[in-house]
Amino acid sequence: MKLVLFNLREDEKSALNNWIASHPEVEVDVHSEELTASNKHLLEGKDGVVLAQNKPFEKEVYEYAKEQGIKVFATRSAGFDIYDLELMKELDIKMTNVPSYSPNAIAEHVLTTALRISRNTNKIQRNVEKHNFTWNPGILSRELRTLTVGVIGTGRIGTQAAKLFKALGSKVLGYDIYPNDAAREVLEYVDNIDDLITNSDIITIHMPAIKDYNHMVNDEFLSKMKDNSILLNAARGMLVDTKALLRALDSGKLLGAGLDVYENEGKYVPKNFEDKEFDDELLQTLIDRDDVIYTPHTAFYTETAIQNLVEGGLEAAVEVIKTGTSVNVVN
Ligand code: NAI
């Protein structure tokens, strides 16, 4: 069996080498560049393609893949919106993804952020830098075991986040349009989202980005939150109206916010702007504030997650080539 893998990143090398060593029957041709029309000849003689594209590729690449007998495009990611699923269906090429690679990575990040905000670590650090070593109400903290955490979207990540908060003694509420039994074991479902908003000291969002829910967290949502509460978003940036959030922070309504995603992040993440002009005032405001912890979509970024993404992509490709299908086929 012959696979070709594109866009290999430095952080994936060790997982890839381990997989190749334990699968001597599979030949993997590895490239650091993305697949495009100009290097499509690299598909020649291969059975499957393993990808992690940042840019879509041309129609002629799909057609060439078909001519070469490629059976599967396997992405090393959960998202697959930049691929042309319709065309692949027409060409009878399967597309696979890795839907779940480590919900715990994101849950652990959310817990970390909740602790950093609730224990006022940014404010204490800033005081210490100014040699202000006082104890004062501005840094008086609350313990997680005294707080109620509200989880919006109780799927893979939401349920794992609920488990971690519960383990530290928090009361955990959940809201989901499709409640499930696994989540019910660790949280108490509320029937409507308002009950969750008004009763939670920490709200953490883990639902998908759905067009109708653009800016779901707006002025009205924020005004219903408890005084001194915390908002966490490690789902998708479009779910939160950043300007409304800043108004709620400025008014003192919220203690803080933890944002691993930002509504306009597409332009910047994951890129290095150290020596480049950076003109997003809204994001700069988030970065500058003590009461906001902004991270560039790094909640998932752990060794375990990267290993699972690499292995998941390769295994799905092998499965489709051997059996014609896989549970991770998305078209
Ligand atoms: P999932 O599909 O397992 O769970 C999503 C849950 O949201 C489901 O239970 C679903 O019923 C629920 N839901 C859908 N619409 C809803 C609504 N209107 N109100 C309340 N609940 C609703 O998804 P998973 O894997 O847990 O991912 C959750 C989010 O995390 C997604 O937005 C995903 O894009 C994001 N994510 C973020 C990462 C990061 O690094 N920050 C990495 C991976 C995923």
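Values computed for the structure shown
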read-out	value
Whole-Hz ³J(HN,Hα) from phi, Karplus 6.51 cos²θ - 1.76 cosθ + 1.60, for the range 255-260, glycine and proline x	6, x, 9, x, 10, 8
Longest site-free stretch - the chain; sites: GluC sites (Glu not before Pro), DSSP loop, at most 16 other Cβ within 10 Å	186-273
Cα centroid of the range 143-180 to Cα centroid of the range 195-244, whole Å	15 Å
Separation in nanometres of the label points that stand 7 Å from Cα toward Cβ, at Asn192 and Met1	5.2 nm
C-alpha center-to-center spacing [the range 277-331, the range 9-88] in angstrom	17 Å
Additional length obtainable on full extension of the chain from Asn136 to Glu90, 0.36 nm per residue less Cα span	10.0 nm
Values of log10 I(q)/I(0), in the order q = 0.13, 0.15, 0.19, 0.22 Å⁻¹, for the range 1-69 under a Debye, Cα-only, solvent-free model	-0.37, -0.49, -0.76, -0.96
FRET efficiency, Ile210 to Arg184 (Cβ-Cβ, R0 25 Å, nearest 0.05)	0.65
Phi-based couplings in Hz for the range 210-223 (Karplus 6.51, -1.76, 1.60; Gly and Pro marked x)	10, 3, 4, 9, 4, 6, 4, 8, 10, 4, 5, 4, 5, 5
Rounded to 5, the percent of DSSP beta bridges in the chain classed as antiparallel	5 percent
Residue-span extension gain [Leu42 to Lys271] - 0.36 nm each, minus C-alpha spacing	79.7 nm
Estimated FRET transfer efficiency (Leu282, Asp81; beta-carbon r; R0 35 Å; 0.05)	0.90
Alpha-carbon Rg/Rh ratio, for the chain, with Rh computed the Kirkwood way	1.03
Rounded FRET efficiency, nearest 0.05, which uses the C-beta distance separating Asn199 from Val128 and R0 of 35 Å	0.50
Amide H partners (placed H, <5 Å) of Ala78, local residues excluded	Val98
Convex hull volume per residue in cubic angstrom - Cα atoms of the range 264-331	158 Å³
Lysine pairs meeting the criterion (Cα under 15 Å, 8 or more apart or interchain), as found in the range 219-331	4
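Since every read-out is calculated from the coordinates, none of them should be taken as a lab result. Just so we're clear, the structure is a prediction, and the values are computed from it rather than from any experiment. All Cβ positions, glycine included, derive from the backbone under ideal geometry; neighbour counts span all protein chains shown.
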